[in-house]
1. Does the range 97-114 contain at least one residue that is assigned to a loop (DSSP other than H, G, I, E, B), at pLDDT below 95, among the hydrophobic types (A, V, I, L, M, F, W, C) and buried (at least 20 other Cβ atoms within 10 Å of the Cβ)?
2. Evaluate the following for residue 83: is it in contact with a helix residue (DSSP H, G or I) (Cβ under 7 Å, 6 or more places away or on another chain), aliphatic (A, V, I, L, M) and farther than 24 Å from residue 307 by Cβ?
3. Do you know which residues across the range 307-327 are surrounded by fewer than 20 Cβ atoms within 10 Å (Cβ to Cβ) and in a loop (DSSP other than H, G, I, E, B)?
4. Counting only residues that are within 18 Å of the chain's Cα centre (by Cα), surrounded by fewer than 20 Cβ atoms within 10 Å (Cβ to Cβ) and closer than 16 Å to residue 287 by Cβ, how many does the range 159-195 have?
5. Among the candidates 66, 37, 78, 103, single out the residue that is more than 25 Å from residue 205 (Cα to Cα), in contact with a helix residue (DSSP H, G or I) (Cβ under 9 Å, 6 or more places away or on another chain) and not hydroxyl-bearing (Ser, Thr, Tyr).
6. Given the criteria part of a strand (DSSP E or B), touching a strand residue (DSSP E or B) at 6+ places or on another chain (Cβ under 9 Å), closer than 22 Å to residue 30 by Cα and among the aliphatic types (A, V, I, L, M), does residue 140 qualify?
7. Which one is nearest to residue 72 (Cα to Cα), of the residues in the range 167-197 that are aliphatic (A, V, I, L, M) and modelled with pLDDT of 95 or more?
8. So residue 135 passes all but one of these: (1) modelled with pLDDT of 95 or more; (2) touching a strand residue (DSSP E or B) at 6+ places or on another chain (Cβ under 9 Å). Which condition number does it fail?
Amino acid sequence: MLIAGAGLPGLALAAALGRSGLSVTLADRHPVGVVDERAWDTRIYAISPGNAAFLGTLGAWQALPEDRIAPVETMRVEGDRGAVLRFDAYDLGESALAWIVEERALRNALVPRVLEAGVRIVAPAAFGSLAWSPDAGTLALADGRSVRARLVVGADGVRSWVRAAAGWVAEPRPYRQTAVVANFACERPHGGCARQWFRPDGGILAWLPMPGDTISIVWSAPEALAGELMALDMGALAERVADAGRRALGALTCVTPAAAFPLGYLRLPAVVAHRLALVGDAAHGVHPLAGQGVNLGFGDAQTLASVLAGRAPVADAGAPILLERYARRRAAPVLAMQAVTDGLASLFGSRAPGVARLRNLGLAAVSKLPALRLALARPALH
């Protein structure tokens, strides 16, 4: 089979399928290899306990350097009128709500697992065209080579070339927000607490604990504000971020240049077709307010790998019955997470009269109902 796209979900899927005995080719337009991780990476992910366990089955989680991982032990969410909701790992029976890990560290842990699993890597390779026959899909590369497989998996991101080449017209719906991300050293210890503020302008600011007295921030800001933030020098940005977070950790010092990513929502009518399956951001796009984008992608990889590993007596990895099984198992978890993230982004972005008071009352009410807090947190954990 062929996996087109070597992002984190694509790498995890390749390692899992290779370990199950399938013949796997991983193709990407960029080099696939271990990268330098001495400097902090601005691309930070909150890995759920369930996906940490999945990565552990691949041997990748154990390979992460301990000094590049930080547990989220508590989470404090504040509404735009002061209502506060708190989650605690201890109350949920977990050692951590999530684990904060850099993209670079995850990639460096996964690439060797892919190689150990015997996966053939074709990269860097420009994609040329994608063609289908009754029993296979064929990816033609710009240099004249081609890869033929019974199943093609599109794992190449929210603006997926594979998806477009298969004839699916799908554009993310813009949130009209841009995520501004950067890392900061803190004056005071963060104590393993992730903090999130829903802001009066409809934006969302998150502080994520990193190793030592360091945090990563994701500021989902209205486009005009994001432009202002990106124009600031590192010192001025640190002051702006500290003030926006009410100096909860004292003074901040910016330790990485800021980066910006436009935000959008993507829901497809289907994630499988003839000889094709989509995983990760190629299959769905969510608002980053809950940090679940990469977790959904790892969930896709784990589910598809499980379906294909247990395919007997069906020999054909691209058989419709298997693809339908994958799509069915992923439909409810993805829809639920998209409903929550999109709903919260829309609710706290609304300027309609009276909505601000109601949403903060709702946030305060949830904080007083432990069973409801558990029901909200459990899907994100696993």
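The values are calculated or read from the model by the stated rules, or taken from the named source; none is laboratory data. The model shown is predicted, which means the values in this text are computed figures rather than measured ones. Cβ sites come from the backbone with ideal geometry, for glycine too, and all protein chains shown count toward neighbours.
1. Yes, because at least one residue in the range 97-114 is assigned to a loop (DSSP other than H, G, I, E, B), at pLDDT below 95, among the hydrophobic types (A, V, I, L, M, F, W, C) and buried (at least 20 other Cβ atoms within 10 Å of the Cβ).
2. Yes: the conditions hold for residue 83.
3. 310, 311, 312, 313, 314, 315, 316, 319
4. Of the residues in the range 159-195, 3 are within 18 Å of the chain's Cα centre (by Cα), surrounded by fewer than 20 Cβ atoms within 10 Å (Cβ to Cβ) and closer than 16 Å to residue 287 by Cβ.
5. Result of the check over 66, 37, 78, 103: 37.
6. Yes; evaluated as a whole, the condition is true for this residue.
7. 194
8. (2)
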